[in-house]
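For reference, the structure is listed below as structure tokens.
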Amino acid sequence: MHRRITGKLVIATHNPGKLVEMRELLAPYGIEAVSAGELGLTEPDETGDSFLANARLKAVAAANGSELPAFADDSGLVVDALDGAPGIYSARWAGPSKDFTAAMTQIERLLQERGATTPDKRTAHFVSALCVAWPDGHIEDVEARIEGTLVWPPRGNAGFGYDPAFLPDGHHRTFGEMTSIEKHGLPPLGLGLSHRARAFVKLAEICLEPR
């Protein structure tokens with residue numbers, strides 16, 4: 001049976017970009033959110049073999065460490081011509097300094113080496129797995145994705161991570177060129193376009209009630 005989120009919630013991330021997006025998604029539901037970083041919780045090693053497994057690891061660790069319900073996201077970029085890389089290792093490709101410009105440059109180099117120079121050979125998708133874990137062991141989780149192609153050079157300074165290189169299908173601007181409302185705002189303000197927004201809609205249906 002599904003469980004509703006009530007009261008205070010820990011957002012199990014140390015990523016400032018993710019924290020902003022997740023707080024914005026939760027705002028209409030009146031949920032008081034504090035981050036794992038603000039509580040001084042350490043990040044667990046992401047040893048899972050899938051986005052969902054890693055989201056569960058982070059949510060469970062934060063729930064146990066805070067004794068509060070915890071909300072975690074694990075997301076990444078899956079590039080078809082690179083056999084699914086960087087996938088669950090998307091953040092690691094940016095290195096300890098979180099240099100996503102370097103990570104995007106590495107992806108472009110590999111695509112060029114494989115002759116992926118036209119849009120039909122540069123298809124990719126973003127995946128977002130969301131998990132809420134409670135201290136008593138109860139878990140709710142969902143997953144969603146958005147399809148697109150990779151552009152070069154990257155365009156736009158909005159968003160974070162690989163956003164400037166990702167052009168969602170049916171659109172003429174990258175995630176890096178979209179406002180936060182355009183990228184992940186939920187109806188009626190936005191289209192619920194991003195992978196994280198799409199996953200959040202699924203999670204909201206089972207775990208949240210609007211104010």
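Conditions tested, residue by residue: (1) in contact with a strand residue (DSSP E or B) (Cβ under 9 Å, 6 or more places away or on another chain); (2) polar (S, T, N, Q).
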| site | (1), (2) |
| --- | --- |
| ARG4 | no, no |
| VAL20 | no, no |
| ARG23 | yes, no |
| LEU26 | yes, no |
| THR42 | no, yes |
| ALA61 | yes, no |
| GLY76 | yes, no |
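Of all residues in region 57-73, those that are surrounded by fewer than 24 Cβ atoms within 10 Å (Cβ to Cβ) have Cβ atoms under 7 Å from Cβ atoms of residues that are assigned to a strand (DSSP E or B), 6 or more apart or on another chain, in VAL60/ALA133; SER66/VAL10; LEU68/LYS8; LEU68/LEU9; LEU68/VAL10.
Taking the options ALA61, ALA55, ALA72, name whichever one is part of a strand (DSSP E or B) and under 28 Å from ALA204 (Cα atoms). Before the answer, list the steps.
Working: ALA61 fails: part of a strand (DSSP E or B); ALA55 fails: part of a strand (DSSP E or B).
Of ALA61, ALA55, ALA72, the one residue that is part of a strand (DSSP E or B) and under 28 Å from ALA204 (Cα atoms) is ALA72.
Among the residues of region 135-187, those identified as farther than 17 Å from ALA199 by Cβ and of a type in the set (Asp, Glu) are ASP136, ASP169, GLU177, GLU182. For region 3-25, the criterion of a residue being free of Cβ contacts under 8 Å to residues at least 12 places away in the same chain, under 19 Å from TYR89 (Cβ atoms), surrounded by fewer than 19 Cβ atoms within 10 Å (Cβ to Cβ) and of a type in the set (Ser, Thr, Tyr) is satisfied by no position. Residues that are in contact (Cβ under 8 Å) with a residue 60 or more places away in the chain and surrounded by 16 or more Cβ atoms within 10 Å (Cβ to Cβ) within region 30-50 comprise just one, ILE31. Among residues that are of a type outside the set (Ser, Thr, Tyr) and either at pLDDT below 95 or in contact with an Asp or Glu (Cβ under 7 Å, 6 or more places away or on another chain) (or both), ASN54 is included.
The values are calculated or read from the model by the stated rules, or taken from the named source; none is laboratory data. From a predicted model like this one, the values you see are computed outputs, not experimental measurements. Here the Cβ is made from the backbone with ideal geometry for all residues, glycine too, and neighbour counts use every protein chain on show.
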